[in-house]
Amino acid sequence: MRYLSIAMSKGRLTDLSIELFENIGIDCSDLKDSSRKLILTDEKNKIRFFLVKPSDVPTYVDYGAADIGIVGKDTLLEEGRDLYEVLNLGFGACRMVVAGPAELQGKLDSLNNKRVATKYPRIAREYFEHKRRESIEVIKLNGSVELAPLVGLAEVIVDIVESGRTLRENGLVVLETIADISARMVVNRVSMKMESDRINRIIEGVRKQLDRRREQG
Ligand code: PRP
């Protein structure tokens, strides 16, 4: 039997993803070790986990290097790859928003050629240029995006908001919501056919667990 490979997002989603797999009988003890190994294995079930940067998960799954991936919807929208999105896992819930100073509330339309700072250039372009039909200048940043409007680098930002604390503590507000975000399970399209039994067993196990949680509130 060949190994089934699962690409996991390193970071906020890791612990909750591990819990999900452990609850369906997959041995994740290797994953919980704080080693620097990048391939962690459950020999009994012939499953390998790869720990990668969230934005790389869709790439591994698209090329079939991983059969399954666990990744945020934000990353899926940004990477725009043709993957099979099989489950909304519910955790990692947040919103993709346009945010900026409170003075801009209700005035987004009057800002022509806005400069938009973001870690998500594709999502920002899609939203402003295709949905709102406005031209924007995208300024790609790699983190601490909330700083940009405070120092005149951009008028607004496109970013994720979870608790709202970062915006609040920097005097910014949500101007518009673009999408609801949460963690998703994705599957490579070929793997879905070639390994359908094993993959469907995992999907069903996780789905039942999510249903149980929902019932328990
Ligand atoms: C994310 C996001 C916001 C913040 C939102 O950044 O880009 O800055 O979290 O969370 P909150 O609403 O709960 O405050 P992250 O922590 O990933 O760091 P980064 O800015 O370095 O990317």
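The values are calculated or read from the model by the stated rules, or taken from the named source; none is laboratory data. All values derive from a computational prediction rather than experimental measurement. Here the Cβ is made from the backbone with ideal geometry for all residues, glycine too, and neighbour counts use every protein chain on show. When the accessible area is computed, the model is the full protein with side chains, heavy atoms only, and any ligands, DNA or RNA have been set aside. Shrake-Rupley method; radii C 1.70, N 1.55, O 1.52, S 1.80 Å.
Observations on the model:
- Residues located in the range 177-209, provided they are open to solvent by less than 50 Å² (accessible area, probe 1.4 Å) and closer than 30 Å to residue 127 by Cα: 178, 179, 181, 182, 183, 184, 185, 186, 187, 188
- On the stretch given as the range 136-146, residues that are under 23 Å from residue 110 (Cα atoms) and either crowded, with 16+ Cβ neighbours inside 10 Å or among the basic types (Lys, Arg) (or both) total 6.
- Taking the range 1-15 as the range and being within 16 Å of the ligand (Cβ to nearest atom) and touching a residue at least 60 places away in the same chain (Cβ under 8 Å) as the test, the residues that pass are 9, 12, 13.
- Just one of (1) assigned to a helix (DSSP H, G or I); (2) away from the ligand (no atom under 14 Å from the Cβ); (3) modelled with pLDDT of 95 or more; (4) open to solvent by less than 20 Å² (accessible area, probe 1.4 Å) fails for residue 56. It is (4).
- Residue 93 open to solvent by less than 20 Å² (accessible area, probe 1.4 Å), of a type in the set (Gly, Ala, Ser) and either within 20 Å of the chain's Cα centre (by Cα) or farther than 14 Å from residue 155 by Cα (or both): no
- Selection status of residue 33, more than 25 Å from residue 82 (Cα to Cα), more than 16 Å from the ligand (Cβ to nearest atom), of a type in the set (D, E, K, R) and free of Cβ contacts under 8 Å to residues at least 12 places away in the same chain: yes
- Filter result for the condition that a residue is buried (at least 22 other Cβ atoms within 10 Å of the Cβ) and within 12 Å of residue 186 (Cβ to Cβ), over 86, 71: 71
- Residue 18 being in a strand (DSSP E or B), within 22 Å of residue 91 (Cα to Cα) and touching a residue at least 12 places away in the same chain (Cβ under 8 Å): no
- Qualifying residues in the range 98-135 (those that are surrounded by fewer than 17 Cβ atoms within 10 Å (Cβ to Cβ) and among the hydroxyl-bearing types (Ser, Thr, Tyr)) - the one farthest from residue 170 (Cα to Cα): 135
- Selection status of residue 132, of a type in the set (D, E, K, R) and out of contact with any Ser or Thr (no Cβ under 6 Å at 6 or more places or on another chain): yes
- Test: residue in the range 34-41 that is part of a helix (DSSP H, G or I) and open to solvent by 70 Å² or more (accessible area, probe 1.4 Å): no
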